[in-house]
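The next block holds one structure in the form of C-alpha cells; read it before the comments.
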Amino acid sequence: MKLLSQTELLNIFMMTLLTNKHDCVKYKTQNMKTKFSLITLLLFSYNSYSQLKLNVIFNDGTEKMDYYETEGDELLALSNNKRFHIDEIKELTYYTEKDTTHYYVVETKTYVESKKSKKDIARKAYDGENIELYYIYYNWTKIHTNSTMSFNSYDEAFVRRKGEEFVYNIGYIYGAGYKGIKKRVKEYFTDCPKLVEKVKQNKIKKNNSLEIVKYYDENCGK
C-alpha cells in the first residue's frame, strides 16, 4: 500500500468533487472505503487547490470556462458567484499546468436489476460505434495504530450501449473484488452470447473490460 502523491490526491479531488459523498472522513474502522469531501482532501495537500480551472458543459448545451470552488454537490463560479448543481452538468474539463482531463457526469447502476442509481464523475476509456466504456476512480483508507493514514485506489469499469440512460458495472466492486463479473457480463450482454461464452471460458479475461467492450462492438453490437 502506498501513500498518495499530490498528483494522485488531485485526481481523487476531481473524481469526488461533484458526487454525493460524506462531509468528512470517518475513522470507525481500520480499513474502509472512503469518499473524501473537498475540505478533507485539502488537509492532505501542501497547497490550496480549492479553486479549480474548469470548463463546464451544461445539460442545455451551454458552457462556462471559469475558476470554481466546490461545495458539496455544487460548483461556485468565482466570476459571478453563481452556483451550479451536479444535476445541471453534463461534462467538465479540468485544467492544470501540465494536464487537461475530461469528465462526464453519468448515472450508474451496479447491476442490471438495480433499482437505485447514483450520479458520478467518469472518464471515458472507449467510445465505440455501439458501446462506451467508462472508468470511475475510487479510493479507500487504512488508519494505522500510530495514527498515520495510508490510501489505496482503484477504478470501477462501467459500460453503456449507445442510447442507454445508465452505465452498468462490469468490473471491480469494493468488498467483492473481481467476484461476480462473469455473472454481470452474462446479465448485461444478453444480446451477445458469443462474448458471454468467451468470458466464461476465460478466452477473454473477466477483468479486461476494454477487450470485452471491443469484442462486443466489433462482433455483436450491430
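Only the coordinates and a few stated rules stand behind these numbers; no lab work does. Worth saying up front: this structure is predicted, and the values here are computed from it rather than measured. Cβ placement follows ideal geometry from the backbone for every residue including glycine, while neighbour counts extend to all protein chains displayed.
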- Message: I need Lys90, Lys115, Lys64 ordered by Cβ neighbour count within 10 Å, fewest first.
- Response: Lys115, Lys90, Lys64
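For the cross-link pairs Lys82/Lys116; Lys90/Lys162; Lys115/Lys206, which exceed 19 Å when the distance is taken from alpha carbon to alpha carbon? Please report the intermediate quantities before stating the final value.
Values: Lys82/Lys116 30 Å; Lys90/Lys162 16 Å; Lys115/Lys206 25 Å.
Over 19 Å Cα-Cα: Lys82/Lys116; Lys115/Lys206.
Give me Val105, Val213 sorted ascending by neighbouring Cβ count inside 10 Å, so fewest comes first. Intermediate results must be reported in sequence, preceding the final value.
Values: Val105 19, Val213 26.
Going from least to most buried by this count: Val105, Val213.
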- Tell me, Tyr95, Tyr103 in order of fewest to most beta-carbon neighbours within 10 Å? Tyr95, Tyr103
- Query: Near the amide H of Glu71, under 5 Å away, which other amide H atoms are found, from residues 5 or more places off or on another chain, if H is placed in the peptide plane?
  - Reply: Leu76
- Query: For the pair Thr62 and Thr100, how long in nm is the line joining their label points, each one 7 Å along Cα→Cβ?
  - Reply: 2.3
